[in-house]
Amino acid sequence: LDPNTLDTFGVETFDGSLHSGTSAAATLGLDFLGNAVDDLLGFGDSMSPHYRIMPSSCNSSNGEVATFASFRQDAIRGDIMVRLLELDIESGECVGDGRVGTLPGVGFPPHDWAMTPTRAIFVTVPASGNIFPYVIGSKGPAECITFQQGVTATLHLLPRPPVLGENNNTGGDAPLSPAKRIELPRPIHPIHFANAWDLDEEDGAEVLACCWESDSIEEMAETGASMLGSWAEVASGNFVGVSPQKLLRITHQGNKDPSVEEVVKGLGHIDYIKCHPDKAGKKSRFLWGSMGIGVHDGPTPPGPPQIFCRIDLDAGIVEDQWYAGRRKFLDEFVLVSKKKGQRSDGTSSNSKANLSDTEDDVWLVAPCFDAERQITSFVILDGHDLSAGPIFEAELDHHIPWALHGSWYSCPER
């Protein structure tokens, strides 16, 4: 998109790294014919809307890259083929295009994923569906998918490509290896990942994500309900049928049994959970997220996001929050790292009065929609003191349509 006019330039393929299909994110896997047959059938790549920023595993001029995951489903075997595209954070150019591996037995490309300095991480639960309504245009793809009964979730670990070269780029001939699979103790489905990091134990990893819990998965599987549910009910203001998302910690430690546990007991529904940008792929203490209005002495039910909160992982509590107000609704936020050692009140985060650390030194920037006035404001909050409210608010003279996910990079020539 043109940032000035919002005109559409066209489908982004990153100089041919991605293939723009018209029918499905799939492949026949006939590498000896290149992409000719896939192109003829309208097969192409799908792209995760979420990216991760951390040091490159391939060749990069400045060390840090934005890494996207792209997917194709093998139309014959059913496995999901994963590639990682590493984009220079200054120019947006593709500096790493690694064919990473496959996710065996996964029914559809994941919406979100996590990354550490050494691996890409996915969590899936078996699903199936009838794509005919999608082919004829009566339903979207996610409306054709439902979860299977009597299954559990799987943690997939795929190593990041260490060096960009002939055997791990798009044109390489090296066979794709399946991810290491760890069966989790119950079915869960992640909507958004907050962070992940490697543990000292062999192949160990810890993952934080907002997930549908087992009871929601099993109910969808039993009733045959699609993953998207009923948008008509949500549009009417009825959120009763919306599955709540719990903040879960997934831990895998070498040969020990993996565990899945709720981070904040009784918290209820939470989404758009994020960590400090400098803590991506590293052990973190704080997370920020959005919630609906809570109920007295009970977990927060699903509802439109009206609260920003900060969670202390060590204490397992919501330690700070800000309520936007009646009929004011919050869209997805961005965390911006502050200047090191400086808080919004002018004190030093390294002073004796603030011995904890500087991990909560972020600005939280987000659009806020005022339904009474039909306008959107951009608010900036101090991530260290959300309850103080916005330190800055830029009110627009119109509203911004509700967003999904996006990204940007500097492009001076435009």
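Bear in mind that the values in this text are calculations on the coordinates, not laboratory data. Predicted model only: the values in this text are computed from it and were never measured. Here Cβ is always computed from backbone atoms with ideal geometry, including for glycine, and neighbour counts include all displayed protein chains.
Details
- When the alpha-carbon atoms of region 103-145 are used, the pair Rg, Dmax equals 13.5, 42 angstrom.
- Cα convex hull of region 104-261 - mean projected area over all directions, nm²: 11.5
- Relative contact order [Cα under 8 Å, 6+ residues apart], region 284-337, whole percent: 30
- Dipole orientation for region 117-276: of the candidates Ser236, Ile217, Gly266, Ser236 has the Cα lying most toward the positive pole (charges on Cβ; Lys, Arg +1; Asp, Glu -1).
- In this structure, Glu262 and Leu40 have a Cβ-Cβ separation that, at R0 = 35 Å, corresponds to a calculated FRET efficiency of about 0.15.
- For region 254-309, alpha-carbon Rg relative to the globular expectation (2.2 N^0.38 Å, N residues): 1.38
- Inter-label distance, nm, simple model (7 Å from Cα along the C-beta direction), Ala142/Arg327: 2.8
- Burial order of peptide ranges 377-386, 198-207, 307-316 (average beta-carbon count within 10 Å, highest first): 377-386, 307-316, 198-207
- Scoring 101-114, 36-49 by mean Cβ neighbours within 10 Å over their residues and listing the highest first yields 101-114, 36-49.
- Relative contact order, percent, region 47-155 [alpha-carbon distance under 8 Å, six or more residues apart]: 19
- Relative to one another, the C-alpha centroids of region 81-139 and region 227-295 are positioned 20 Å apart.
- Debye intensity ratio I(q)/I(0), log10, region 172-281, q values 0.11, 0.18 Å⁻¹ (C-alpha model): -0.47, -1.02
- Segment Ile293-Glu233, extension gain: residue separation times 0.36 nm, minus the distance between their alpha carbons: 19.7 nm
- Sorted peptide list for 388-400, 135-147, criterion being average Cβ within 10 angstrom, highest first: 135-147, 388-400
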